[in-house]
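*Asks:* Dropping a structure here in structure tokens format, bear with me for questions.
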Amino acid sequence: MYLISENTNELSYATLQQYLTNLTPSGLLCHPRCSSVHQDKKSLLPPAFAAGSKYPSHKREFLMPRIHRSCLMLPVLLLCAGAVAAGDPPATSAGDEDLRKLLQLVETSPDMPGDDNTRAFASSNMSLQAHLTLADFPGGSSSGNDCWGFVSPSGREYAIMGLERGYGFVEVTDPSNPVIVGYVSGPSSLWHDIKVIGDRAYGVSEGGSGIQVIDLSDLDNGNVSLIRNKVQQGHSSTHNIVANPDSGYLYLVGANIQNGGLVAVSTADPDDPIIVGAWNTMYIHDAQVVSYDSGPYAGREIAFCLSGFSGGWSQTGLRIVDVTDKSNMFTMATVSWSGARYAHQGWLSEDRQFFYINDELDEGDSVSVTTTRVFDVSDLTDPTFQGTFTTGLASIDHNLYTHNGLIFQSNYRSGLRVFDASDPISPTEIAWFDTYPSSDGVGFNGTWSNYPYLPSGTILISDIERGLFIVSLDGISLELLDAPTQLDPNTPAAVTVEITESFGTYDPDSVTLQYSLNGGPFLPAPMPDNGNNIHTADLPGAACFDTYEYYVSAFMTTGNEVTSQTINALVAGEQIVSVDYDAESNSGWTVGDAGDNASTGVWNRMNPSPTDAQPGDDVSTDGTQCWVTDGRGGGLGDYDVDGGKTTVKSPVYDLSTLNDPWLGVWVWYSNDKGADPNNDTFRIDFSSNGGSTWTNAKTLGPADEFTSGGWFYHEFRIADTVTPNSSFRARFVAEDAASGSIVEGAVDELMIFDYNCNDCIADFNNDGSVNTQDVLAFLNAWNAGDSSADINGDGDINTQDVLAFLNLWNAGC
């Protein structure tokens with residue numbers, strides 16, 4: 001499906017909007033607040049959390065370092081009607097890289113955590129003052145985008161929130177009680193951008209309308225008005241707008257004129273901005289323009305442009321452009337970096353010695369964690385790379401700003417991250433506020449931008465799905481020291497939190513463990529201070545297979561509440577693995593099923609060779625083999641699934657003796673490459689009659705978090721799909737049902753496991769009776785040095801455990 005209109009390279013928004021209605025959220029598996037990429041599933045996985053099951057999700061996504069994210073829509077971008085010659089930049093290319101955002105946008109359910117309460121928005125050293133959802137704004141917008149700020153002559157402070165259908169104006173003078181005072185409609189588009197010079201705001205959009213000139217002069221009286229939609233010289237759509245209040249010039253970037261380059265606009269008449277010049281060597285996605293008033297560049301106006309040819313894709317990087325003379329703008333320097341994918345946005349340090357750059361498409365491709373580049377720009381003709389800094393999370397860095405020695409960076413799914421730039425080459429993260437609780441992974445959801453420049457210190461965050469957040473950097477940090485995810489049956493479990501006072505103080509008596517059992521209401525449990533700002537409380541004992549959801553809350557002395565991340569826990573006994581299949585041998589697995597008709601890409605067990613759609617290794621650290629759709633290398637699409645479906649099936653497993661078995665498996669799936677991406681699916685099916693009939697346990701795709709490659713762990717309670725019995729089988733089906741798509745799949749490391757919920761230790765063999773067979777079973781485990789024989793729990797297996805067991809055995813159950 002080509003999402004390009006015939007006459008221009010602009011996005012066909014209506015077509016994309018229709019396409020997006022088919023996208024639905026999928027459950028993700030992740031360890032709470034993963035701080036690093038990890039492949040050891042047995043040491044990292046929380047127990048028995050199934051995507052889509054009754055257990056609440058929180059950051060359940062495992063993002064593996066072998067993720068390949070090629071240019072998703074590059075073939076589409078090069079097939080526009082009236083295509084330019086190979087190697088030439090397109091005449092107009094506004095927003096080309098953002099096709100990814102539309103195709104990967106996940107719709108947010110209204111009842112996702114955080115929409116109706118504040119507790120799910122975990123933070124560190126930041127406090128939530130107020131939250132306005134998209135529904136709170138007029139106009140019926142279903143997504144948010146950019147934000148900016150404005151201070152009236154009286155000193156009252158305002159947020160400007162970019163929305164799908166226009167702009168919302170919010171007074172935030174009292175940040176805990178924001179008031180929406182105005183709304184200006186605009187073209188319907190995912191992208192809007194707005195800046196302020198004087199008492200005029202200037203908005204642009206990918207949807208058209210030129211420059212929207214908005215009067216803010218009477219905002220204190222609740223009056224905001226659209227003066228005009230300024231259209232001139234063929235200009236209609238724009239990706240971003242840049243303002244230099246010192247010079248009084250605006251700059252359009254990524255517009256449908258001047259090759260998407262830097263278009264200078266005079267605001268000599270604030271109500272009638274006029275285009276006065278352009279630097280059109282290549283497409284510019286975003287820029288910062290400043291005037292130097294001292295030093296060797298005094299009197300010159302300089303633009304720092306995130307740019308590249310072919311819509312920013314080719315030779316992507318930073319161009320430093322002298323724009324002092326609008327009729328003769330010229331390039332001073334060009335620089336890029338290793339692993340560059342798409343130069344998106346950047347900002348100068350406050351002393352203008354360094355420039356920080358966000359590459360929007362490197363995470364999950366050339367790097368595995370958020371990576372921000374640092375360049376020394378003290379010599380504008382010779383910028384030099386100095387290094388990188390990161391949060392350690394997988395999310396994409398998007399927009400950043402510098403203020404008061406700090407860097408404020410909006411990183412999509414991991415929220416707003418704040419860094420201390422005392423060491424400008426190696427900033428240190430000191431605070432964060434997470435607006436997207438369900439994942440820290442690669443994806444175009446969550447926070448779009450932020451505005452840290454209001455004099456009061458109030459900080460604005462714009463979020464794509466959740467609207468406007470008003471926060472402050474005056475919080476405390478809550479670190480969970482003991483946060484169990486698996487609890488022993490009928491045994492209280494301690495939760496411990498350490499509180500650090502970084503930007504304020506807290507009330508020790510307010511620290512509370514908030515917990516919900518089996519989805520019920522949250523109940524409070526006071527957490528006394530153990531000294532050194534460490535607080536502890538117990539989760540009450542619960543029955544086997546009960547579930548807990550819990551978090552810690554505390555109040556600052558200012559009255560602001562701060563919460564920890566939310567943890568999900570399962571009450572269960574010892575995990576007993578009955579099947580542990582590593583794909584290093586066939587072990588009864590078979591290829592083929594009724595209706596299989598794929599001409600290529602048939603399942604094969606091998607060590608795969610990497611392509612842009614296929615893994616280059618299995619998922620384990622101690623093996624090489626996995627089941628993969630052909631697995632040979634070569635070019636993209638040489639051996640992918642073509643012409644139908646292919647199936648790999650497990651042998652029959654006898655689960656009849658297990659109490660409540662679970663299945664966990666690692667799957668790689670890619671369908672987002674080729675001329676017809678995101679139109680195929682991958683099925684995981686279960687059978688309880690040896691394969692005579694099948695029931696779907698989960699379908700990946702056609703467009704979700706699992707369709708861009710990467711190893712993901714999926715876990716299922718088998719009884720939620722079929723009856724666990726002596727004839728259980730699983731199968732995995734990869735299918736090419738759409739013409740022109742590239743489909744690759746892989747399966748590895750399947751486990752079937754259960755939990756021992758027998759509370760009677762004396763019944764060592766779990767047969768329901770306490771007799772001599774239990775003594776023999778214990779002694780066998782003791783002789784083998786099995787950890788189950790450590791009865792007294794001291795970490796050693798010795799005669800003390802024999803005595804402890806015999807005492808329990810004599811007492812019976």
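*Asks:* State whether the residues of the stretch 574-588 include one that is buried (at least 17 other Cβ atoms within 10 Å of the Cβ), at pLDDT 95 or above and not in a strand (DSSP E or B).
*Replies:* Yes; the residues of the stretch 574-588 include at least one that is buried (at least 17 other Cβ atoms within 10 Å of the Cβ), at pLDDT 95 or above and not in a strand (DSSP E or B).
*Asks:* Here is a list: Ala730, Ala746. Which entry is open to solvent by less than 10 Å² (accessible area, probe 1.4 Å), in contact with a Leu (Cβ under 8 Å, 6 or more places away or on another chain) and either assigned to a helix (DSSP H, G or I) or farther than 22 Å from Ala543 by Cβ (or both)?
*Replies:* Of the residues listed, the single one that is open to solvent by less than 10 Å² (accessible area, probe 1.4 Å), in contact with a Leu (Cβ under 8 Å, 6 or more places away or on another chain) and either assigned to a helix (DSSP H, G or I) or farther than 22 Å from Ala543 by Cβ (or both) is Ala730.
*Asks:* A further question follows. If the requirement is being farther than 30 Å from Ala572 by Cα and not small (Gly, Ala, Ser), which of these qualifies: Leu480, Leu454, Leu487?
*Replies:* Selected residue: Leu454, the only one of Leu480, Leu454, Leu487 that is farther than 30 Å from Ala572 by Cα and not small (Gly, Ala, Ser).
*Asks:* Does Thr772 satisfy the condition of being open to solvent by 50 Å² or more (accessible area, probe 1.4 Å) and among the hydroxyl-bearing types (Ser, Thr, Tyr)?
*Replies:* In short, yes.
*Asks:* Given the residues Asp529, Asp488, Asp509, which is the only one that is acidic (Asp, Glu) and in contact with a helix residue (DSSP H, G or I) (Cβ under 9 Å, 6 or more places away or on another chain)?
*Replies:* Asp529
*Asks:* Scanning for something open to solvent by less than 40 Å² (accessible area, probe 1.4 Å), assigned to a strand (DSSP E or B) and under 28 Å from Glu157 (Cβ atoms), does the stretch 479-501 turn up at least one residue?
*Replies:* There is no residue in the stretch 479-501 that is open to solvent by less than 40 Å² (accessible area, probe 1.4 Å), assigned to a strand (DSSP E or B) and under 28 Å from Glu157 (Cβ atoms).
*Asks:* Between residues in the stretch 618-642 that are closer than 13 Å to Trp666 by Cβ and residues that are β-branched (Val, Ile, Thr) and open to solvent by 50 Å² or more (accessible area, probe 1.4 Å), which pairs lie under 7 Å by C-beta distance while being six or more apart or on different chains?
*Replies:* From residues that are closer than 13 Å to Trp666 by Cβ, the pairs are Asp618/Thr624.
*Asks:* Here's another thing I want to ask about it. Evaluate the stretch 616-636: report whether one residue or more is polar (S, T, N, Q), modelled with pLDDT under 95 and open to solvent by less than 30 Å² (accessible area, probe 1.4 Å).
*Replies:* Yes; the residues of the stretch 616-636 include at least one that is polar (S, T, N, Q), modelled with pLDDT under 95 and open to solvent by less than 30 Å² (accessible area, probe 1.4 Å).
*Asks:* Anything in the stretch 790-813 that is open to solvent by less than 50 Å² (accessible area, probe 1.4 Å) and within 13 Å of Asp774 (Cα to Cα)? List them, or say none.
*Replies:* Scanning the stretch 790-813 gives Val802, Phe805, Gly812.
*Asks:* The conditions are (1) out of contact with any Pro (no Cβ under 7 Å at 6 or more places or on another chain); (2) under 23 Å from Ser414 (Cβ atoms), and Thr491 fails exactly one of them. Which is it?
*Replies:* Failed condition: (2).
*Asks:* Still on this structure, I have one more. So if I check each of Asn177, Asn240, Asn229, which one is under 24 Å from Asp136 (Cα atoms) and among the polar types (S, T, N, Q)?
*Replies:* Among Asn177, Asn240, Asn229, only Asn177 is under 24 Å from Asp136 (Cα atoms) and among the polar types (S, T, N, Q).
*Asks:* Given the structure, is Ser449 of a type in the set (S, T, N, Q), open to solvent by less than 10 Å² (accessible area, probe 1.4 Å) and at pLDDT 95 or above?
*Replies:* Taking the combined requirement at face value, the residue satisfies it.
*Asks:* Considering only the stretch 425-432, I want to know if a residue exists there that is closer than 19 Å to Ser477 by Cβ, assigned to a loop (DSSP other than H, G, I, E, B), modelled with pLDDT of 95 or more and open to solvent by less than 20 Å² (accessible area, probe 1.4 Å).
*Replies:* The answer is yes; a qualifying residue exists.
*Asks:* Condition first: in contact (Cβ under 8 Å) with a residue 60 or more places away in the chain, surrounded by fewer than 22 Cβ atoms within 10 Å (Cβ to Cβ) and closer than 23 Å to Asp612 by Cα. Can you find one or more residues in the stretch 678-686 that meet it?
*Replies:* yes
*Asks:* Determine the pairs where a residue that is acidic (Asp, Glu), located within the stretch 697-708, has a partner that is assigned to a loop (DSSP other than H, G, I, E, B) and open to solvent by 20 Å² or more (accessible area, probe 1.4 Å) with Cβ atoms under 7 Å apart, the partner being 6 or more residues away or on another chain.
*Replies:* Asp704/Ser26; Glu705/Ser26
The values are calculated or read from the model by the stated rules, or taken from the named source; none is laboratory data. Fair warning: this is a prediction, and the values are worked out from it, not measured in the lab. Glycine also receives a Cβ, built like all others from the backbone with ideal geometry; neighbour counts cover every protein chain displayed. Heavy atoms of the whole protein, side chains included, go into the accessibility calculation; ligands, DNA and RNA do not. Shrake-Rupley method; radii C 1.70, N 1.55, O 1.52, S 1.80 Å.
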